[in-house]
Amino acid sequence: MLHPTVLRESLYLADGLGARRMIALLLAGTAEAAYPRAPGIPLLRPSQLQSLSREHFETEGLDPVSKFMLTVDPHGKIIHCEALVPSRIKKIDEDTCDELLKIRAKPALDGSGRATYGVRSLSFINPDNGPFSPTVDLQLVVNKLPGTAQKYVVRRASIVVDEKGNALACESVLEGRSSNDPLDKALCKIATTTIKFKPAADFNNAPVLSVQAFAVEFTMADAPLIRKQSYPGKY
C-alpha cells in the first residue's frame with residue numbers, strides 16, 4: 001500500500017551550512033506543460049525568506065525537513081496550508097502557514113485550459129539538522145533506469161483528482177525534454193491505478209475537483225537514502 005500524501009515534492013531548499021543561508025529553488029511549476037497543469041508557487045520574497053529562515057533553522061529541536069501542502073483556488077489565492085510533515089513546533093508551523101497564505105500563486109489549469117483548484121507542496125530543508133529523505137511524493141526502487149547511468153531519476157506530473165481522491169488523468173511535466181519516456185508512463189500508471197490522493201477542498205472545506213502536482217523518484221537499490229518500496233509493475 002502506497003501513501004503518497006505523506007511526502008510532497010519540494011519547491012524550496014534551505015542550505016543551513018556556514019551562515020545558514022536560505023536558498024530558494026523552484027523545482028516545478030516553471031516548465032511549460034500541456035493541460036492539465038498543476039498550480040505554480042512563486043519564489044518567496046527576500047523578507048519572507050529571512051523570517052522563515054530564522055524560525056526554521058535557528059530553533060533547536062526541529063526536524064531536518066518540514067513540508068507544507070498548499071491549496072490554490074481558481075483565482076490564484078492560497079486558501080489552505082497544511083503542515084504535511086510538521087517541524088515538531090506548532091507555533092513555527094503556524095507562522096510559516098501565515099506567511100505562505102499571503103503568496104499569490106498561479107492557478108491550476110484543467111484539461112481544457114480553464115483555471116481550477118490545485119494542490120502543490122513545498123519543503124524547508126536544513127541539512128545541518130541531520131539526514132533528510134528525498135523531497136518527492138514517492139520513491140520507488142527499480143532494477144534499472146532506462147538510458148541513464150544515474151542512481152536516481154525524478155519524474156513529475158499533473159494529476160486530475162476528483163472529489164473522492166481518485167486520479168482521473170495524468171499529464172507528464174517534461175521539464176525541457178521533448179517527449180515522454182518509460183518512467184513518465186510508469187508514474188502515470190502508478191498515479192491512476194494505485195494511488196489514493198487526498199482531495200482538495202474549497203474555502204468552505206467542501207471537496208472539489210483539482211489538479212495536483214505529483215513527483216516520483218525512481219532509484220536504484222544502491223542509491224542513498226532510499227525507502228524500500230519496490231515498483232510492482234513493468235515499464
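The values are calculated or read from the model by the stated rules, or taken from the named source; none is laboratory data. As the structure is a prediction and not an experimental result, all values here were calculated from the model. Note that each Cβ is placed from the backbone with ideal geometry, even for glycine, and that neighbours are counted across all protein chains shown. Side chains are part of the model used for accessible areas, which takes the heavy atoms of the whole protein and leaves out ligands, DNA and RNA. Shrake-Rupley method; radii C 1.70, N 1.55, O 1.52, S 1.80 Å.
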(request) Please find, among Ala167, Ala201, Ala186, the residue that is closer than 15 Å to Arg37 by Cα and open to solvent by less than 40 Å² (accessible area, probe 1.4 Å). (result) Ala167
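Restricting to the stretch 161-204, name every residue that is of a type in the set (Asp, Glu), assigned to a loop (DSSP other than H, G, I, E, B) and closer than 21 Å to Pro107 by Cα. I'd like the intermediate steps shown before the answer.
So the first thing to find is which residues in the stretch 161-204 are of a type in the set (Asp, Glu), and the list is 162-163, 171, 175, 181, 184, 202.
If we keep only those that are assigned to a loop (DSSP other than H, G, I, E, B) too, we end up with 162-163, 175, 181, 202.
Matches in the stretch 161-204: Asp162, Glu163, Glu175, Asp202.
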(message) Pull out all pairs, ordered by first then second residue, where Cβ-Cβ is under 9 Å, the residues are six or more apart or on different chains, the first lies in the stretch 112-125 and is among the basic types (Lys, Arg), and the second is part of a strand (DSSP E or B).
(response) Arg120/Gly40; Arg120/Met69; Arg120/Leu70; Arg120/Thr71; Arg120/Val72; Arg120/Ala108; Arg120/Gln212; Arg120/Ala213
